[in-house]
Amino acid sequence: MSIRHALLALLSLGPRHGYQLRVEFEASTGATWPLNVGQVYTTLSRMERDGLVTPGEPDEQGRIVHAITEAGRAEMGRWFDTPVVHSDRPRDELVVKLAMAVAAGEVDVAEVVRRQRTATMRALQQLTKAKRAAGEGVARRLVLDSMIFQAEAEQRWLDHCEAVLKEER
């Protein structure tokens, strides 16, 4: 996930200081991806260096407010215009874990699958509760829906893994 681009999108709404960006990011994503305020300030510093944002004068509390530049708007536009390619996403740790469990030979792969299924089902239940409690907010709903769909897909993939393991016995 690109924190840089997410911050540019928030700055396109108007100038913001770092803590405000952190709070708005977490509110927009339904607080499902916590963002360290230090990472926000580091990213703002790099974006300033790259000409994507400009710092303003400190406010009455000493916080520096940043504004998006035209170069920043162009960068944000390219991000929104460019589809996410599957190869751009990080490796799936669960896939690697199961592949290594099979390769290791000494691991009860079916038990690894069972434990993961239990954890995924628990996560799915928590996400469903969070969605019911979420109330208004399209961005939060979309984030939670995506996470629910991913958990459901993981459950289907685990079913497939069990079937393949049974075939191989």
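Every number in this text was worked out from the coordinates using simple rules, so none of it is lab data. Everything quoted here is computed from the prediction, not taken from an experiment. With ideal geometry, Cβ positions are generated from the backbone for all residues, glycine too; neighbour counts draw on all protein chains shown.
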Largest fluctuation, Glu75, Glu24, Glu93 only, Gaussian network model of the chain with Cα springs under 10 angstrom, belongs to Glu93
Labelled set (i) 10, 24, 14, 10, 12, 13, 11, 6, 1, 0; (ii) 9, 27, 27, 20, 12, 4, 1; (iii) 10, 38, 33, 16, 3, 0; P(r) over Cα pairs in 10 Å bins from 0, in percent computed from this model equals the value at (ii)
Glu162 and Thr42 label points (each 7 Å along its Cα→Cβ direction) are spaced in nm at 4.1 nm
With +1 at each Lys and Arg Cβ and -1 at each Asp and Glu Cβ, the charge dipole magnitude of segment 51-155 around its Cα centre, to the nearest 20 debye, comes out at 520 debye
Listed residues Ala27, Ala99, Ala110; largest mean-square fluctuation, Gaussian network over the chain with Cα springs below 10 Å, found at Ala99
The summed charge of the Ala139 Cβ neighbourhood (under 15 Å; Lys/Arg +1, Asp/Glu -1) stands at -1
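Over the chain, what is the mean sequence separation of C-alpha contacts under 8 Å (at least six apart), divided by residue count, expressed as relative contact order in percent?
Working: 140 pairs, mean separation 34.4, N = 169.
The normalised contact order for the chain reaches 20 percent.
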Segment 53-130 and segment 1-45 have their Cα centres apart by a whole-number Å value of 15 Å
Most fluctuating of Arg49, Arg140, Arg73 in the GNM of the chain (C-alpha, under 10 Å) is Arg49
Rounded to the nearest 500, the 222 nm mean residue ellipticity computed for the chain from DSSP H runs (n ≥ 4, each -39500 (n - 2.57)) alone is -22500 deg cm²/dmol
To the nearest 0.05, the calculated FRET efficiency linking Ser2 and Glu57 through their beta-carbon distance, R0 being 35 Å, is 0.80
Looks like segment 3-87, by Cα gyration tensor root eigenvalues a ≥ b ≥ c and the a/c under 1.5 rounded cutoff (else prolate when a/b is bigger than b/c, oblate otherwise), is oblate
Taking a straight Cα-to-Cα line shorter than 24 Å from Lys97, and setting aside same-chain lysines fewer than 8 residues away, one finds Lys166
Helix 138-168: inclination vs the chain longest Cα principal axis, degrees, rounded to 10, gives 20 degrees
